[in-house]
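K.L.:
Sending over a structure as structure tokens; questions will come in a sec.
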Amino acid sequence: MQVDNFKIFADLVETKSFSKAARLNGVTQSAVSQQARAMEKHFSTLLIDRSQKQFQLTREGERVYQSSKDILHVYEKLTSELMEMKKVISGTIRLSTIYSIGLHELPPYIKDFLTEYPSVNVRVEYRRSNLVYEDILHNSVDFGLVAFPVKTRQIEMVPFREDQLVVICHPEHPLAKLSNVNVAELSTYKFINFDPDIPTRKAVDNIFKVNNIDIEPVMEFDNIETVKRAVEIDAGIAIVPQATVTQELKQGSLISVSLDNNAYTRPLAILHRKGRVLTPAMKKFMKVLTGQDDNQTEPQ
């Protein structure tokens, strides 16, 4: 058996999908099915219970899956240690990030990292928050970046930074003359919000709830860029992370106003799978993001 066999099988078990496992490994769905059957033939036992409608392992399959994870961990650890011994900083780092972080927070860090380590490839995928967690759990990516991180048993969370939440409005809006506004004052204006399942939307709703304010948004969008465009045409005001409107503030197309004297922030976090072996390149990337030493970003 080769290491690839164990990886494909582990991916199949964790995604419970032949097509997803195929996509993760750059092979066809048929190849994944053949690999699974080849493992069953090698071990002379059924690993997948095909009598069930949903994907389910046999008892032997569960044992092979657990051992596959152990084998992959040892292999990844060995590969990483050999690279460190050779002082090699290369390879590919795969990131899954929500749009606002990927577009407005991440670029300077990636630029600094690639300037120092030009032999490393950094691939960025823009995803909704819930899909970033899925990508980490399925080992589709090495790191994820989200706002308002949610504790998950199999995911390690490393604090990244804190964004200040501010109110944005059109330059000719009445709020544009103010340097600070209280939450209660927002109820008199048309409000633009994110879609209900977006973490920043949930945080904004909680701000209103805590302050006993009932605001019904006139528009809802699934990304920060569309929210900003709506505010730019004076369709309403919005609460957004300050880092996401830097360019518009410079251009004068938007005005930002402090909210309750900067009382509210948006925490950002870096995610990776617990127990994941970090390659030298991954450790250096984490160091650039967090400013911590390599050994401070090792999985616990």
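K.L.:
Could you say whether any residue in the range 243-253 is polar (S, T, N, Q) and buried (at least 19 other Cβ atoms within 10 Å of the Cβ)?
P.N.:
There is at least one residue in the range 243-253 that is polar (S, T, N, Q) and buried (at least 19 other Cβ atoms within 10 Å of the Cβ).
K.L.:
So residue 300 fits all but one of (1) out of contact with any helix residue (DSSP H, G or I) (no Cβ under 8 Å at 6 or more places or on another chain); (2) over 20 Å from residue 161 (Cα atoms); (3) at pLDDT 95 or above; what number is the exception?
P.N.:
Of everything listed in (1) out of contact with any helix residue (DSSP H, G or I) (no Cβ under 8 Å at 6 or more places or on another chain); (2) over 20 Å from residue 161 (Cα atoms); (3) at pLDDT 95 or above, residue 300 misses just condition (3).
K.L.:
Okay, moving on. Quickly run through the range 190-203 and pick out the residues that are over 16 Å from residue 175 (Cβ atoms) and among the β-branched types (Val, Ile, Thr).
P.N.:
Within the range 190-203, 198, 200 qualify.
K.L.:
Hey, another quick one. Looking at (1) part of a helix (DSSP H, G or I); (2) over 27 Å from the mean Cα position of the chain (by Cα), find the lone condition where residue 46 falls short.
P.N.:
In the conditions (1) part of a helix (DSSP H, G or I); (2) over 27 Å from the mean Cα position of the chain (by Cα), residue 46 misses (1) alone.
K.L.:
Now for a different question. Which is in contact with a Phe, Trp or Tyr (Cβ under 8 Å, 6 or more places away or on another chain) and of a type in the set (Val, Ile, Thr), of 132, 122? Don't jump to the end; show me each part of the working.
P.N.:
Details: 132 fails: in contact with a Phe, Trp or Tyr (Cβ under 8 Å, 6 or more places away or on another chain).
Going through 132, 122 in turn, the sole match is 122.
K.L.:
Surrounded by 15 or more Cβ atoms within 10 Å (Cβ to Cβ), small (Gly, Ala, Ser) and not assigned by TED's automatic domain parsing to the domain that holds residue 21 - does that describe any residue in the range 108-126?
P.N.:
No; the residues of the range 108-126 include none that is surrounded by 15 or more Cβ atoms within 10 Å (Cβ to Cβ), small (Gly, Ala, Ser) and not assigned by TED's automatic domain parsing to the domain that holds residue 21.
K.L.:
For residue 129, state whether it is at pLDDT below 95 and surrounded by 15 or more Cβ atoms within 10 Å (Cβ to Cβ).
P.N.:
Yes, satisfied.
K.L.:
Out of all the residues in the range 11-34, is one or more more than 23 Å from residue 136 (Cα to Cα), in contact (Cβ under 8 Å) with a residue 24 or more places away in the chain, out of contact with any Cys (no Cβ under 8 Å at 6 or more places or on another chain) and not assigned by TED's automatic domain parsing to the domain that holds residue 277?
P.N.:
No, that holds for no residue.
Table: residues versus (1) farther than 30 Å from residue 114 by Cβ; (2) modelled with pLDDT of 95 or more; (3) assigned by TED's automatic domain parsing to the domain that holds residue 131.
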residue: 212; (1), (2), (3): yes, no, no
residue: 219; (1), (2), (3): yes, yes, no
residue: 222; (1), (2), (3): no, no, no
residue: 236; (1), (2), (3): yes, yes, no
residue: 240; (1), (2), (3): no, yes, no
residue: 245; (1), (2), (3): no, yes, no
residue: 293; (1), (2), (3): no, no, yes
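K.L.:
Looking at the range 178-185, can you tell me whether even one residue there is buried (at least 21 other Cβ atoms within 10 Å of the Cβ) and either at positive phi or aliphatic (A, V, I, L, M) (or both)? If you could, list the steps in order and put the result at the bottom.
P.N.:
Pass one, the range 178-185, residues buried (at least 21 other Cβ atoms within 10 Å of the Cβ): none.
Scanning the range 178-185, I find no residue that is buried (at least 21 other Cβ atoms within 10 Å of the Cβ) and either at positive phi or aliphatic (A, V, I, L, M) (or both), so the answer is no.
K.L.:
Output the residue which, of all residues in the range 76-99 that are of a type outside the set (D, E, K, R) and out of contact with any Lys or Arg (no Cβ under 9 Å at 6 or more places or on another chain), is farthest from residue 127 (Cα to Cα).
P.N.:
So the first thing to find is which residues in the range 76-99 are of a type outside the set (D, E, K, R), and the list is 78-80, 82-83, 85, 88-93, 95-99.
With the extra rule that they be out of contact with any Lys or Arg (no Cβ under 9 Å at 6 or more places or on another chain), the set shrinks to 78-79, 82-83, 85, 88, 90-91.
Working: 78: 32, 79: 29, 82: 33, 83: 31, 85: 35, 88: 30, 90: 25, 91: 23 Å.
It comes out as 85.
The values are calculated or read from the model by the stated rules, or taken from the named source; none is laboratory data. Given the structure is predicted, the values throughout are model-derived calculations rather than measurements. Heads up, the Cβs are rebuilt from the backbone with ideal geometry, glycines too, and the neighbour counts pull from every protein chain shown.
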